[in-house]
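What follows is a short report on a single structure.
The values are calculated or read from the model by the stated rules, or taken from the named source; none is laboratory data. Everything numeric here is computed off the predicted structure, so don't read it as measured data. When we count neighbours, we look across all protein chains shown, and the Cβ atoms used for this are built from the backbone with ideal geometry, even at glycine.
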Amino acid sequence: MVKTVIFLCLVITIVAGNPCAQKPDVSAKECCDFPMPLEGALVEACMGKFGAQTQRVMVSMMSGGPMRGACVAECLSNATGLMNEGQVNTELLVAGFKMAADGKAEWDPVIEKTIGDCSGMVQALGGEFDKAAALPPLDPADPICDARPGFMFFCSVKSLFLSCPAKYYKASPQCDSLKKYAETCPIGF
Ligand SMILES: *[C@@H]1O[C@H](CO)[C@@H](O)[C@H](O)[C@H]1NC(C)=O
(Lines give C-alpha, C1' and ligand atoms only; values in the text may rest on other atoms or scores of the structure.)
Protein backbone atom coordinates (compact mmCIF):
# COMPACT_ATOMS: atom_id res chain seq x y z
CA MET A 1 0.00 0.00 0.00
CA VAL A 2 2.67 2.46 1.08
CA LYS A 3 4.83 1.29 -1.79
CA THR A 4 1.97 1.91 -4.25
CA VAL A 5 1.43 5.42 -2.95
CA ILE A 6 5.12 6.21 -3.18
CA PHE A 7 5.23 4.79 -6.68
CA LEU A 8 2.20 6.83 -7.79
CA CYS A 9 3.70 9.99 -6.31
CA LEU A 10 6.87 9.30 -8.21
CA VAL A 11 5.01 8.82 -11.49
CA ILE A 12 3.01 12.01 -10.95
CA THR A 13 6.19 13.93 -10.13
CA ILE A 14 7.90 12.66 -13.27
CA VAL A 15 4.95 13.52 -15.50
CA ALA A 16 4.31 16.91 -13.87
CA GLY A 17 8.02 17.69 -13.73
CA ASN A 18 8.51 16.95 -17.41
CA PRO A 19 7.23 19.95 -19.36
CA CYS A 20 7.89 18.07 -22.60
CA ALA A 21 5.32 15.36 -21.81
CA GLN A 22 2.49 17.72 -22.67
CA LYS A 23 2.75 19.42 -26.04
CA PRO A 24 0.68 22.65 -26.40
CA ASP A 25 -2.53 21.89 -28.21
CA VAL A 26 -1.84 23.85 -31.38
CA SER A 27 0.02 22.82 -34.52
CA ALA A 28 3.16 24.54 -35.73
CA LYS A 29 1.47 25.14 -39.08
CA GLU A 30 -1.33 27.11 -37.37
CA CYS A 31 1.28 29.37 -35.77
CA CYS A 32 3.55 29.82 -38.75
CA ASP A 33 2.71 29.07 -42.35
CA PHE A 34 6.11 27.55 -43.16
CA PRO A 35 6.74 25.87 -46.53
CA MET A 36 6.30 22.09 -46.68
CA PRO A 37 6.95 20.37 -50.00
CA LEU A 38 5.33 17.02 -49.19
CA GLU A 39 2.38 16.11 -51.31
CA GLY A 40 -0.81 15.01 -49.49
CA ALA A 41 -1.51 11.88 -51.54
CA LEU A 42 2.01 10.56 -51.02
CA VAL A 43 1.89 11.21 -47.27
CA GLU A 44 -1.44 9.40 -47.07
CA ALA A 45 -0.11 6.40 -48.99
CA CYS A 46 2.90 6.11 -46.65
CA MET A 47 0.71 6.62 -43.57
CA GLY A 48 -1.59 3.87 -44.80
CA LYS A 49 1.29 1.43 -45.10
CA PHE A 50 3.39 2.40 -42.09
CA GLY A 51 1.21 4.59 -39.86
CA ALA A 52 0.91 2.04 -37.05
CA GLN A 53 4.66 1.43 -36.88
CA THR A 54 5.40 5.14 -36.88
CA GLN A 55 2.80 5.83 -34.20
CA ARG A 56 4.49 3.22 -31.95
CA VAL A 57 7.89 4.80 -32.59
CA MET A 58 6.62 8.32 -31.84
CA VAL A 59 4.87 7.32 -28.62
CA SER A 60 7.99 5.49 -27.44
CA MET A 61 10.33 8.37 -28.23
CA MET A 62 8.00 10.99 -26.72
CA SER A 63 8.06 9.05 -23.46
CA GLY A 64 11.84 9.05 -23.40
CA GLY A 65 12.59 5.85 -25.35
CA PRO A 66 15.64 5.60 -27.62
CA MET A 67 15.64 6.95 -31.17
CA ARG A 68 14.05 4.58 -33.70
CA GLY A 69 13.34 4.86 -37.41
CA ALA A 70 9.85 5.96 -38.48
CA CYS A 71 8.87 4.01 -41.58
CA VAL A 72 6.46 6.71 -42.81
CA ALA A 73 9.46 9.02 -43.11
CA GLU A 74 11.57 6.35 -44.83
CA CYS A 75 8.69 5.68 -47.23
CA LEU A 76 8.52 9.41 -48.08
CA SER A 77 12.27 9.51 -48.41
CA ASN A 78 12.25 6.55 -50.81
CA ALA A 79 9.59 8.17 -52.95
CA THR A 80 11.30 11.57 -53.13
CA GLY A 81 14.99 10.64 -53.26
CA LEU A 82 15.74 12.46 -49.99
CA MET A 83 18.64 10.19 -49.11
CA ASN A 84 21.44 9.08 -51.37
CA GLU A 85 23.72 6.38 -49.98
CA GLY A 86 23.17 7.50 -46.40
CA GLN A 87 23.69 11.17 -47.23
CA VAL A 88 20.95 13.80 -47.27
CA ASN A 89 20.33 15.17 -50.75
CA THR A 90 20.49 18.79 -49.58
CA GLU A 91 20.15 20.40 -53.01
CA LEU A 92 16.94 18.52 -53.70
CA LEU A 93 15.55 19.49 -50.29
CA VAL A 94 16.45 23.17 -50.58
CA ALA A 95 14.88 23.29 -54.03
CA GLY A 96 11.73 21.49 -52.82
CA PHE A 97 11.25 23.80 -49.84
CA LYS A 98 11.89 26.90 -51.94
CA MET A 99 9.32 25.77 -54.44
CA ALA A 100 6.86 25.21 -51.59
CA ALA A 101 7.62 28.73 -50.29
CA ASP A 102 6.00 29.90 -53.49
CA GLY A 103 8.05 33.03 -54.08
CA LYS A 104 8.04 34.26 -50.46
CA ALA A 105 11.66 35.39 -50.48
CA GLU A 106 11.93 35.79 -46.67
CA TRP A 107 12.05 32.02 -46.47
CA ASP A 108 15.05 31.50 -48.76
CA PRO A 109 17.80 32.14 -46.18
CA VAL A 110 15.79 30.29 -43.49
CA ILE A 111 15.47 27.24 -45.76
CA GLU A 112 19.16 27.24 -46.66
CA LYS A 113 20.23 27.47 -43.02
CA THR A 114 17.67 24.87 -41.88
CA ILE A 115 18.67 22.25 -44.43
CA GLY A 116 22.37 22.93 -43.93
CA ASP A 117 22.11 22.67 -40.12
CA CYS A 118 19.86 19.60 -40.10
CA SER A 119 21.86 17.64 -42.67
CA GLY A 120 25.02 18.56 -40.73
CA MET A 121 23.40 17.03 -37.65
CA VAL A 122 22.49 13.87 -39.58
CA GLN A 123 26.16 13.60 -40.54
CA ALA A 124 27.36 14.19 -36.97
CA LEU A 125 24.87 11.72 -35.45
CA GLY A 126 25.87 8.89 -37.80
CA GLY A 127 26.61 6.33 -35.07
CA GLU A 128 23.31 7.05 -33.28
CA PHE A 129 21.38 6.10 -36.42
CA ASP A 130 23.30 2.84 -36.68
CA LYS A 131 22.42 2.08 -33.04
CA ALA A 132 18.75 2.87 -33.73
CA ALA A 133 18.70 0.46 -36.67
CA ALA A 134 20.12 -2.32 -34.47
CA LEU A 135 17.27 -2.10 -31.91
CA PRO A 136 14.53 -4.74 -32.02
CA PRO A 137 11.22 -3.43 -33.41
CA LEU A 138 8.54 -2.34 -30.89
CA ASP A 139 6.14 -4.83 -32.46
CA PRO A 140 7.74 -8.04 -33.75
CA ALA A 141 5.93 -7.61 -37.07
CA ASP A 142 7.22 -4.05 -37.63
CA PRO A 143 9.89 -3.43 -40.26
CA ILE A 144 13.10 -1.68 -39.17
CA CYS A 145 13.55 1.68 -40.85
CA ASP A 146 16.36 4.20 -41.08
CA ALA A 147 15.92 7.01 -38.54
CA ARG A 148 17.62 9.64 -40.69
CA PRO A 149 14.59 10.68 -42.81
CA GLY A 150 12.39 11.17 -39.72
CA PHE A 151 15.13 13.09 -37.95
CA MET A 152 15.54 15.30 -41.03
CA PHE A 153 11.80 15.94 -41.14
CA PHE A 154 11.41 16.89 -37.47
CA CYS A 155 14.62 18.89 -37.48
CA SER A 156 13.44 20.87 -40.54
CA VAL A 157 9.95 21.54 -39.22
CA LYS A 158 11.32 22.66 -35.88
CA SER A 159 13.98 24.87 -37.39
CA LEU A 160 11.62 26.50 -39.92
CA PHE A 161 9.08 27.12 -37.17
CA LEU A 162 11.65 28.57 -34.77
CA SER A 163 13.06 30.83 -37.49
CA CYS A 164 9.65 31.89 -38.77
CA PRO A 165 9.93 35.38 -40.26
CA ALA A 166 7.88 37.81 -38.11
CA LYS A 167 5.62 38.46 -41.08
CA TYR A 168 4.42 34.83 -41.07
CA TYR A 169 4.32 34.20 -37.33
CA LYS A 170 0.87 34.45 -35.73
CA ALA A 171 1.59 35.45 -32.15
CA SER A 172 -0.85 34.17 -29.53
CA PRO A 173 -0.43 32.75 -26.02
CA GLN A 174 -0.79 29.22 -27.45
CA CYS A 175 1.69 29.78 -30.27
CA ASP A 176 4.16 31.42 -27.90
CA SER A 177 3.99 28.40 -25.61
CA LEU A 178 4.49 26.11 -28.61
CA LYS A 179 7.58 28.14 -29.45
CA LYS A 180 8.89 27.69 -25.93
CA TYR A 181 8.11 23.96 -26.19
CA ALA A 182 10.03 23.68 -29.47
CA GLU A 183 12.98 25.55 -27.98
CA THR A 184 13.26 23.36 -24.90
CA CYS A 185 11.94 19.91 -25.83
CA PRO A 186 14.06 17.55 -27.90
CA ILE A 187 11.44 15.87 -30.11
CA GLY A 188 7.78 15.36 -30.71
CA PHE A 189 7.41 18.29 -32.93
C1 LIG B 1 12.97 2.01 -48.94
O2 LIG B 1 13.84 1.51 -49.93
C3 LIG B 1 14.70 0.48 -49.46
C4 LIG B 1 15.69 0.16 -50.57
O5 LIG B 1 15.02 -0.15 -51.75
C6 LIG B 1 13.86 -0.72 -49.05
O7 LIG B 1 14.68 -1.76 -48.58
C8 LIG B 1 12.91 -0.27 -47.93
O9 LIG B 1 12.07 -1.33 -47.56
C10 LIG B 1 12.08 0.92 -48.37
N11 LIG B 1 11.38 1.42 -47.19
C12 LIG B 1 10.05 1.66 -47.14
C13 LIG B 1 9.55 2.18 -45.85
O14 LIG B 1 9.28 1.50 -48.07
Sort out which residues of the range 130-163 are without any contact (Cβ under 8 Å) to a residue 24 or more places away in the chain and either of a type outside the set (D, E, K, R) or crowded, with 20+ Cβ neighbours inside 10 Å (or both), and write them in order of number. Ala134, Pro136, Pro140, Ala141, Leu162
Cβ contacts < 7 Å: first residue within 18 Å of Cys20 (Cα to Cα), restricted to the range 45-70; second residue assigned to a helix (DSSP H, G or I) and not β-branched (Val, Ile, Thr), any location; separation 6+ or different chain. Result? Pro66/Ala132; Met67/Met61; Met67/Glu128; Met67/Ala132
Here is a list: Gly116, Gly81. Which entry is modelled with pLDDT under 95 and over 15 Å from the mean Cα position of the chain (by Cα)? Gly81
Pick from the range 130-149, criterion of a type in the set (D, E, K, R) and in a loop (DSSP other than H, G, I, E, B), ranking: farthest from the ligand (Cβ to nearest atom): Asp139
Inspect all residues belonging to the range 11-28 and state whether any of them is at pLDDT 95 or above and of a type in the set (D, E, K, R). no
It is to be established whether one or more residues within the range 21-38 are in contact with a strand residue (DSSP E or B) (Cβ under 8 Å, 6 or more places away or on another chain), within 30 Å of Gln174 (Cα to Cα) and in contact (Cβ under 8 Å) with a residue 12 or more places away in the chain. yes
Please work out which one of (1) out of contact with any Pro (no Cβ under 8 Å at 6 or more places or on another chain); (2) at pLDDT below 95; (3) assigned to a helix (DSSP H, G or I) is the condition Gly103 fails and give its number. (3)
Quick one: would you say Val110 is without any contact (Cβ under 8 Å) to a residue 40 or more places away in the chain, out of contact with any strand residue (DSSP E or B) (no Cβ under 7 Å at 6 or more places or on another chain), more than 14 Å from Phe151 (Cα to Cα) and part of a helix (DSSP H, G or I)? no
Restricting to the range 30-71, count the residues that are more than 15 Å from the ligand (Cβ to nearest atom), surrounded by 14 or more Cβ atoms within 10 Å (Cβ to Cβ) and in a helix (DSSP H, G or I). 5
Here the residues within the range 165-180 that are in a loop (DSSP other than H, G, I, E, B) and among the small types (Gly, Ala, Ser) are Ala171, Ser172
List, please: which pairs have Cβ atoms under 7 Å, are six or more places apart or on different chains, and start with a residue in the range 83-100 that is within 15 Å of Cys118 (Cα to Cα) and end with one that is hydroxyl-bearing (Ser, Thr, Tyr) and assigned to a helix (DSSP H, G or I)? Met83/Ser77; Val88/Ser119; Thr90/Ser119
Residue ID - surrounded by the most Cβ atoms within 10 Å (Cβ to Cβ), chosen from residues in the range 72-129 that are within 12 Å of the ligand (Cβ to nearest atom) and aliphatic (A, V, I, L, M): Val72
